[in-house]
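K.L.:
One structure coming up, written as structure tokens, with questions to follow.
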Amino acid sequence: MLKDFSKYLIEDKEKKDTIDALFNSKSVAKKFVMLRSIEFNEVLDKRVLSVSDLDTSTKFCPKCHKKYGEEENFCFDCLVSLKPLSDKISVVDIKTKPVFDFKGKNSYKDFNSILTLENLELINNFKFTTKSYDLIVRNIKKTALENMDKLIKQNHVNLNELSVYEHVLLFAKSFVKVGYKSYGQELGYFEFNKIIIDERQTETLLITTLIHELSHFILKEILTEVLCKLLDCSKNLYMECLIDYILIYSNFTRLIDEYSAHCCEGRFTLYGYQDYSSFLNIIALMDDEMSKDEIEITKSIGNTFANSIKDILESVIDRELLIRIKKDFENYQTEPPNYEMLRLENCEQLTREGFLKSIWLILSEGFENSLKNKEKIEDYYKGLI
């Protein structure tokens with residue numbers, strides 16, 4: 001089945017040209033870093049900080065964020081009352097519970113009502129278009145921006161005051177809950193609408209970990225909303241749990257999910273600091289389950305999903321913030337760049353027709369397997385709630 005997707009492959013030219021340049025010329029990598037440094041300095045020169053440096057400040061304007069002394073009561077530029085500085089909260093301490101809704105005619109209350117042969121037939125008929133897919137991606141992006149706007153207003157956040165890490169963290173909290181740990185070897189992980197990151201990391205590693213784990217959530221959210229569209233149902237915990245199961249039940253879907261997250265992480269990282277270790281770990285445990293060609297097709301599917309996820313991420317992680325992220329890597333990475341991991345990059349993506357067929361394959365095979373494993377999904381669900 002996977003070999004049939006080869007006819008839908010097209011070159012991801014932008015990605016290929018950049019990687020080829022790095023391998024074809026030893027001086028290009030150095031030039032790339034120097035260019036990023038120049039761009040970063042240009043951006044810094046254009047930035048205007050609106051925060052007062054007065055140490056005696058006790059109040060601030062909730063609109064322009066200018067600081068004031070204790071004797072002041074109003075900001076006469078914005079014509080609003082001042083608030084005490086104690087009202088400001090660190091981005092790390094902001095609590096969130098983001099919601100991404102999807103409404104449909106049906107509202108399933110358990111797995112027995114979802115996992116039916118009739119619904120499998122609806123999936124296999126696959127009345128789904130590229131227009132519907134683009135609308136789902138747009139709505140996820142729009143909801144995340146609305147969530148972030150609320151967080152900024154409710155917590156009196158001044159974006160100009162934030163470090164690069166705090167900016168990315170606030171964006172991540174617009175999608176999912178974020179928790180912290182200070183034990184174990186994992187840099188971070190994603191579990192059912194929550195990201196856990198290890199606070200012992202450097203801020204550069206915290207940023208890439210957040211982007212990687214956030215990419216897992218966005219892929220899950222895309223597939224959940226596609227399934228809801230196919231079944232014309234509202235999104236709930238049962239639908240989300242089902243997609244969670246579909247993404248982990250087979251090595252095929254696990255590879256897509258992991259490769260897609262690695263691609264997204266790598267695209268917001270300096271070349272030479274890409275890491276595909278968790279993807280390689282899955283392959284190492286597969287025992288030749290998939291051929292090299294099938295793995296490459298799977299990577300192409302993951303790369304195509306990554307393009308959509310990257311589009312969502314770039315709604316906030318724009319050119320200016322990207323330059324600041326890469327500048328931080330230059331300043332704080334003690335290890336030299338290693339370009340060998342770039343050889344794992346897949347520079348092909350699927351045509352729109354091929355991509356829709358890959359989504360159908362993921363959902364069709366996953367749903368059919370779920371029909372045979374209702375008890376496993378029930379147990380999985382109980383472990384999450």
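K.L.:
Using the structure shown, decide if His65 is touching a residue at least 12 places away in the same chain (Cβ under 8 Å), of a type outside the set (A, V, I, L, M) and assigned by TED's automatic domain parsing to the domain that holds Lys326.
P.N.:
Answer is no for this residue.
K.L.:
Related question: Within the group Leu231, Leu255, Leu227, which residue is within 18 Å of the chain's Cα centre (by Cα) and assigned by TED's automatic domain parsing to the domain that holds Thr116?
P.N.:
Leu255
K.L.:
Among the residues of the range 337-375 satisfying the criterion of being within 22 Å of Ile256 (Cα to Cα) and among the basic types (Lys, Arg), which is surrounded by the most Cβ atoms within 10 Å (Cβ to Cβ)?
P.N.:
Per the stated criteria, the residue is Lys357.
K.L.:
Looking at Lys326, Lys310, Lys382, which one is under 21 Å from Tyr249 (Cβ atoms) and out of contact with any His (no Cβ under 9 Å at 6 or more places or on another chain)?
P.N.:
Exactly one of Lys326, Lys310, Lys382 is under 21 Å from Tyr249 (Cβ atoms) and out of contact with any His (no Cβ under 9 Å at 6 or more places or on another chain), namely Lys382.
K.L.:
Considering only the range 171-260, give the strands (runs of 3 or more DSSP E) lying wholly within it that have at least 1 residues that are of a type in the set (Asp, Glu) and within 23 Å of Asp275 (Cβ to Cβ).
P.N.:
Once the strands (runs of 3 or more DSSP E) in the range 171-260 are filtered for at least 1 residues that are of a type in the set (Asp, Glu) and within 23 Å of Asp275 (Cβ to Cβ), what remains is 188-191, 194-198.
K.L.:
For the condition within 30 Å of Leu159 (Cβ to Cβ) and either out of contact with any helix residue (DSSP H, G or I) (no Cβ under 7 Å at 6 or more places or on another chain) or not in a strand (DSSP E or B) (or both), what is the one hit in Ser132, Ser86, Ser113?
P.N.:
Only one candidate qualifies: Ser86.
K.L.:
If you don't mind, there's one more thing I want to ask. Considering each residue of the range 96-144, count those that are charged (D, E, K, R) and buried (at least 16 other Cβ atoms within 10 Å of the Cβ), and give that number.
P.N.:
Selection size over the range 96-144: 1.
K.L.:
With the condition kept exactly as written, say whether any residue in the range 203-214 is over 23 Å from Val137 (Cβ atoms), surrounded by fewer than 18 Cβ atoms within 10 Å (Cβ to Cβ), assigned by TED's automatic domain parsing to the domain that holds Ser163 and not hydrophobic (A, V, I, L, M, F, W, C).
P.N.:
Scanning the range 203-214 turns up at least one residue that is over 23 Å from Val137 (Cβ atoms), surrounded by fewer than 18 Cβ atoms within 10 Å (Cβ to Cβ), assigned by TED's automatic domain parsing to the domain that holds Ser163 and not hydrophobic (A, V, I, L, M, F, W, C).
K.L.:
Can I ask one more? Applying the selection to the range 148-187, what residues are at positive phi and surrounded by 15 or more Cβ atoms within 10 Å (Cβ to Cβ)?
P.N.:
Answer for the range 148-187, where residues must be at positive phi and surrounded by 15 or more Cβ atoms within 10 Å (Cβ to Cβ): just His156.
K.L.:
Further, regarding this structure: For the range 181-206, which residues satisfy the criterion of being among the hydroxyl-bearing types (Ser, Thr, Tyr) and in contact with a Lys or Arg (Cβ under 8 Å, 6 or more places away or on another chain)?
P.N.:
If the condition is that a residue be among the hydroxyl-bearing types (Ser, Thr, Tyr) and in contact with a Lys or Arg (Cβ under 8 Å, 6 or more places away or on another chain), then Ser182 is the only one that fits.
Results for (1) surrounded by 22 or more Cβ atoms within 10 Å (Cβ to Cβ); (2) within 22 Å of the chain's Cα centre (by Cα); (3) in a helix (DSSP H, G or I); (4) at pLDDT 90 or above, shown as yes or no for each residue.
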| site | (1), (2), (3), (4) |
| --- | --- |
| Ile295 | no, no, yes, yes |
| Ser308 | no, yes, yes, yes |
| Ile312 | yes, yes, yes, yes |
| Thr334 | no, no, no, no |
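The values are calculated or read from the model by the stated rules, or taken from the named source; none is laboratory data. Predicted, not measured: the structure shown is a model, and the values here were computed from it. Please note: Cβ atoms are built from the backbone with ideal geometry, for glycine as well, and neighbour counts cover all protein chains shown.
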